[in-house]
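Data first, discussion second: the structure below is written as structure tokens.
Values in this text are rule-based calculations from the coordinates and carry no lab data. Source: prediction; values computed, not measured. Backbone-built Cβ (ideal geometry, glycine too); neighbour counts: all protein chains shown.
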Amino acid sequence: MSKADLIVGIQWGDEGKGKIVDRLAQEYDVVCRSQGGHNAGHTIWVDGVRYALHLVPSGVLNPKACNIIGNGVVLNPASLIEEMRQFQHLEGRLFISDKAHLNLPYHAYIDQAKERLKGEKAIGTTGKGIGPAYADKISRTGHRVGELLTPALLCESIMETLASQQAILDALGVSLPSKEALLEELEGYKKALAPFVANTTQMVWDALDAGKSMLLEGAQGTLLDIDHGTYPFVTSSNTVSAGACTGLGLNPKDIGTVTGIVKAYTTRVGHGPFPTEDTEEAGKTMADVGKEVGTTTGRRRRCGWFDAVSVRYASRLNGCDQFALMKLDVLDGFETVKICYAYMLDGKMIETMPSSLENVTPVYEEMEGWGKVAGVRTFDALPENAKRYIRRIEALCGTKVGIISTSPDRNDTILL
Ligand code: GDP
Ligand code: IMO
Ligand code: MG
């Protein structure tokens, strides 16, 4: 029997999960997504070609790997169908849980209408209907992928749900499809997706029982977790490692090595507190050099220094065995680099994560920068100051760095 290794975002998402899953997927039989939806944007570069994945697991570029979209995902069929067009021969190597919940166009309209109404207090969601789709699931008014196999029944059922929510939808100004249009849409989804719908819970058990190797691909990041993130500026799923169990039907004993994906600095897209944000020259340089533009929404990401307080917290929450330290090359050429090792809150210095980051200010230490790590492929070839930066992160966060990434390319990756 084997265990499932896990990749989890440690900050506010976009740490580089896609690159690492793709790099490691060459050695795995099965790659699974367990939560989130098409709010995720995972970028992979292979031989100068860019792939942006939203729902399809990042193992898809390994033709031998089987890819599973688990029950914890909220699935937008139109987005998935569009994404699947980039790849050939997916039948037999892509499976979607029949228990995953549907994220349909009206969820996005509700999401966008609610954000508009919130005005200045908006979360800055991706507008993809993630919150409303999960809200339907938790309210037990959701619809599941398995129901796509009987479109007429599903259509009836959705119309009933919408009728029961009519007053709210009217107040939000959300217009709904006619029954005929909805049925036609659902029939199209069935035609495209029926061959991929499966009992993936049993599949993941069978795979582990047969000794197959399995990699679980987290979406978003720990600080966006619905319970443990910077609420309410979070997403609507459990992004921490524990969420991968419920999102696939695994138990905690099924989990093997946990790798936390950490950027060498910090980014955030959308609103909410960000103690180490740098709105001056340094942050602008990080954004430009790191090409920090959202993969899903094209929004510019906010940038700032490495925050060891929140990373240490995230490492403990996820049970990280190691970190993959990403985008170290983006800090190339900085004369000095800063690490936040504590916060000031109400006049006191704290080194642990408070339940809100609204009123904290960062306490920094400063280190000498280094020349160039871009494209470096061995640890020994890294400049001494870059090695010192890595060792300092390990010491402050209590987790060893096992992987270092020095460019977007699959091959510019140091495995220690
Ligand atoms: P994900 O959501 O965690 O998969 O990350 P995204 O794909 O949204 O954002 C990470 C971005 O950084 C992508 O454009 C990657 O191609 C890029 N990237 C990943 N690793 C590195 C690296 O080590 N150096 C540089 N310069 N870019 C990287
Ligand atoms: P990947 O998997 C970065 C952010 C949004 C917003 C908040 C809520 O690529 O790392 P939502 O649409 O989920 O209700 O938005 O969460 N967000 C992400 N930020 N990377 C992501 O995914 C994200 N998915 C959602 O910007 O602040
Ligand atoms: Mg992303």
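Observations, loosely collected:
- Reference-scaled alpha-carbon Rg (2.2 N^0.38 Å with N residues) for the stretch 297-347: 1.42
- Helix axis angle, 200-209 relative to the chain longest principal axis, alpha carbon, degrees: 50
- Neighbour count of at most 14 Cβ within 10 Å plus DSSP loop: longest GluC sites (Glu not before Pro)-free window in the chain: 92-279
- For residue 14, nonlocal amide neighbours, meaning residues 5 or more places apart or on other chains whose placed amide H falls under 5 Å from its own, are 220.
- Computed from the alpha carbon positions, the gyration tensor of the stretch 316-397 leads to an equivalent ellipsoid with semi-axes of 28, 16, 10 Å, biggest first.
- Crossing angle, helix 179-193 versus the chain [Cα axis fit, 0-90 degrees, rounded to tens]: 60
- Angle in degrees between helix 105-118 and the longest Cα principal axis of the chain, rounded to the nearest 10: 50
- Computed over the stretch 43-145, the Cα gyration tensor eigenvalues convert (square root of 5λ each) into semi-axes of 28, 18, 10 Å, ordered from largest to smallest.
- For the stretch 271-416, averaging the sequence separation of C-alpha pairs within contact (under 8 Å, six or more residues apart) and dividing by the residue count gives a relative contact order of 25 percent.
- Shape call, the stretch 272-371: gyration tensor on alpha carbons, a/c limit 1.5: rounded
- Relative contact order of the stretch 203-297: 16 percent, from C-alpha pairs under 8 Å at least 6 residues apart in sequence.
- Per residue, the average separation of C-alpha pairs within less than 8 Å and at least 6 apart gives the chain a relative contact order of 21 percent.
- The percentage of C-alpha pairs in the stretch 219-274 whose separation is greater than 16 Å is 49%.
- Debye log10 I(q)/I(0) at q = 0.07, 0.11, 0.12, 0.13 Å⁻¹ for the chain, Cα point scatterers: -0.33, -0.81, -0.95, -1.10
- Among 361, 399, 336: highest mean-square fluctuation, GNM of the chain, C-alpha pairs under 10 Å: 336
- FRET efficiency estimate (nearest 0.05) - Cβ-Cβ, residue 212 to residue 415, R0 25 angstrom: 0.70
- Cleavage-rule hits (trypsin sites (Lys or Arg not before Pro)) in the stretch 57-100: DSSP loop, at most 11 neighbouring Cβ within 10 angstrom: 64, 85
- Cα gyration tensor category, rounded, prolate or oblate, for the stretch 197-313 with a/c compared to 1.5: prolate
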